[in-house]
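Accompanying notes for the structure given below.
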Amino acid sequence: MQARKHNLPASILASIRSRKKRLDPAYTEARPRSAGTLIASYNVHKCVGTDRRFDPERTSRVIHEIGADVIALQEADTRFGERTGLLDLGRLERETGLIPVPVAGMAKAHGWHGNVVLFKKGLVHDVHQVKLPGLEPRGALVAEIELEQGGVLRIIAAHFGLLRHNRAQQARMLVDLINDRREMPTILLGDLNEWRLGDRSSLNTFQSAFGELPPAVPSFPAGLPLLALDRIIANRKGIISEVEAHDTPLARIASDHLPIKALVDLEPVGG
C-alpha cells in the first residue's frame, strides 16, 4: 500500500502531535523564563471564552499568567458604539504592572479598533493610530517604546480583516508606513487572520520590510490549534526568539485564540 501523504504544513502537524504533551499538567507548570523582554499577542475575543461565557477576570488571569513585558491585545473593546473597554485596567496594572499605551479620542475604549498595547517598564516616545483599508473597520496601533533594558523598539499591533484582498492592502499600508519612518528594530504582532501559508499568503507582502517570515505557529482554535492566525514578526534577524503558543488549561478556554509569545533581545543589533 502506498504511504499516505500529509497535506498539512509541518508546523501544524507538530502542533497536533505534541497535543498530548501540552495536556500533561506537568508541562503547563510555570517554568523559569530566559532573560530578555517578553512580548506577546493575544486576541481576547471580547473576553468571551470557548464556553461562551463573558469573563473579563478570566482573561486578566491569562494575561497575568503570560507574564509579558509588552503585550498586544485584540478585541479588547466592544466593537460598536462607544467601543467600551472590557478589562479592568486598574486592577491589571496593580497585579501585573502593565499599563496601556495612550490613545487619543477614545473616551471609553482601551485602545484603537480594539487594539491595545500594554507595557510594564519603559518610556513611550511616539504613538500613531492607523486606520487600515478594507470593508471592515480595522486598525493598527504603532508605538515606539524605550525599553528599561535599553534600546528603542517599535511595536505595530494590528488586527487584519477577514477578506484576503483586504489583508494584502493592510499589509502593504503597514510596509509603506515603516518605509516612511526612521529605521529601527520593529516588531509586528497581532491577529493577522491569514490561515494560508506559502505563495498564497497575503502576508508575503511583508517580506520586503521584514525579510523571510518566521515559521507559522498554530494558535486557533484554542482547543486544538490548527491555524496560525496570530503572528509575531521582526524586521531584523536575531532579535526575537522562536515564537511559541502560550498553551495552558486556562488559555484554552478563556478565548478562541491562544496567546503567542517570544523574547526580544536588542543586543545583537546594538539597540
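From Cα pairs below 8 angstrom and at least 6 apart in sequence, can you work out the relative contact order of the stretch 137-271, rounded to a whole percent? Working shown, then result.
Values: 245 pairs, mean separation 27.5, N = 135.
In percent, rounded to a whole number, it is 20.
Heavy atoms of the protein only, probe of 1.4 Å, neighbouring chains included. What is the accessible area of Asp77 in Å², nearest 10?
0
Strictly greater than 23 Å: what percent of every Cα pair in the stretch 37-264 meets that?
Numbers: 10705 of 25878 pairs.
The share of Cα pairs beyond 23 Å in the stretch 37-264 comes to 41 percent.
Between Glu212 and Leu226, what length in nm is gained on full extension when 0.36 nm per residue of separation is reduced by their alpha carbon distance?
2.9 nm
For Ala104 paired with Val124, estimate the spin-label separation in nm (one decimal), with each label point 7 Å from Cα along the Cα-to-Cβ line.
Result for the modelled spin labels: 1.3 nm.
Between the stretch 186-228 and the stretch 50-127, what's the alpha-carbon centroid distance in Å?
23
If I model a spin label as a point 7 Å beyond the Cα along the Cα-Cβ vector, how far apart are those points for Lys131 and Arg61 in nm?
For Lys131 paired with Arg61, the spin-label model returns 4.0 nm.
Looking at the stretch 149-253, which GluC sites (Glu not before Pro) are DSSP coil and have at most 16 other C-beta atoms within 10 Å of their C-beta?
Glu183, Glu212, Glu242
Restricting attention to the stretch 41-126, which trypsin sites (Lys or Arg not before Pro) occupy a DSSP loop and are surrounded by at most 12 other Cβ atoms within 10 Å?
Hits after loop and neighbour filter: Arg52, Arg53, Arg79, Lys108.
Considering only the stretch 134-271, what is the antiparallel percent among its DSSP beta bridges, to the nearest 5? The partial results should precede the final answer.
Working: 16 of 22 bridges.
Here the share of antiparallel DSSP bridges comes out near 75 percent.
The values are calculated or read from the model by the stated rules, or taken from the named source; none is laboratory data. Everything quoted here is computed from the prediction, not taken from an experiment. Positions of Cβ are generated from backbone atoms using ideal geometry, with glycine treated the same way; all protein chains shown enter the neighbour counts. Accessible surface is based on the protein model in full, side chains and every heavy atom, while ligands, DNA and RNA are left aside. Shrake-Rupley method; radii C 1.70, N 1.55, O 1.52, S 1.80 Å.
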